[in-house]
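First up is the structure itself, then whatever we jot down about it.
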Amino acid sequence: MSVITTTDTTFFDPFEQLLHDLTERIDAVATAIATVSRQLDRHEEFTTSRLAQAINDALHRDPITAPGLALEVHAEEFTKPAEKVAGADLYISLVRKDVDFPRSKGLLVQAKRRSSMLRSDEPRRLGNQCKRMNRRSKKGSYVWIYEDHGIVSAKAPQSSEPILQRLTDASSVGELIADGLRCHKGDDNIGRELSAEPTAGIKAVMRRLSIPQGLDFVVRQD
């Protein structure tokens, strides 16, 4: 239970409880996917696809709710583009419909296996991908590092040749998404169109930025 204590009173916060449960669920899925991916030596893009679908399946199989609130999630995928305009593997849509003024934000994610960064050409390649993401969104661009037994999320570096030691604002995948739904992270400029049907809205952003994988999270009143 998420309980907030002040100098005057203690009260239950349904929204924070929902985000706490969401963080734990996503991080459990991320740990499982990263572990299997390392054992089978899967490529990052394939792992990211599996991760997005596994998060979607886990939240559909056992939906997360809190008093007065519900969480919706939708995974989207289309044919791999010839060129990733935004330099990202994954687009994450974050929508709040439980507030007086609904809000839509977005995140761009490039995924890398830590071991792959030992290759001589990979730091430069990641640098170019981060530059493309940052051109689209300096506030909403992140790198996910696939470790042997988990995933670390960090802000996409500005350097043209980033190295792992330069990564900042580290968190888990679940913490990143929860902070995005708190509106602490993410970019309004790459949020999906709220007036459009959700699937059409997220696909429009993915198509515009040539990103093959998408995840849409919506918090709404129940």
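The values are calculated or read from the model by the stated rules, or taken from the named source; none is laboratory data. The structure presented is a predicted model; accordingly, all values stated were derived computationally and were not measured. A quick note on method: Cβ atoms are made from the backbone with ideal geometry, for glycine too, and the neighbour counts reach across all protein chains shown.
Summary table
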read-out: Test result for LYS105, under 21 Å from the mean Cα position of the chain (by Cα), buried (at least 16 other Cβ atoms within 10 Å of the Cβ) and either hydroxyl-bearing (Ser, Thr, Tyr) or over 19 Å from TYR146 (Cβ atoms) (or both); value: yes
read-out: Whichever residue in the stretch 19-74 is closer than 18 Å to ARG114 by Cβ, of a type in the set (A, V, I, L, M, F, W, C) and surrounded by fewer than 18 Cβ atoms within 10 Å (Cβ to Cβ) and, among such residues, is modelled with the lowest pLDDT; value: LEU40
read-out: Among residues of the stretch 77-97, those that are closer than 13 Å to ALA52 by Cα, of a type outside the set (Gly, Ala, Ser) and at pLDDT 95 or above, counted; value: 3
read-out: Which numbered condition VAL85 fails, given (1) outside any loop (DSSP other than H, G, I, E, B); (2) touching a residue at least 40 places away in the same chain (Cβ under 8 Å); (3) over 22 Å from ARG182 (Cβ atoms); value: (1)
read-out: Selection from the stretch 97-114 of residues that are part of a strand (DSSP E or B) and either touching a Phe, Trp or Tyr at 6+ places or on another chain (Cβ under 8 Å) or of a type in the set (Lys, Arg) (or both); value: ARG103, LYS105, GLY106, LEU107, LEU108, VAL109, GLN110, ALA111, LYS112, ARG113
read-out: Any pair with Cβ under 6 angstrom, 6 or more apart, that starts in the stretch 119-135 at a residue that is more than 14 Å from ILE145 (Cα to Cα) and ends at one that is of a type in the set (Phe, Trp, Tyr) and at pLDDT 90 or above; value: none
read-out: Some residue of the stretch 174-185 being acidic (Asp, Glu), closer than 25 Å to LEU71 by Cβ and modelled with pLDDT of 95 or more; value: yes
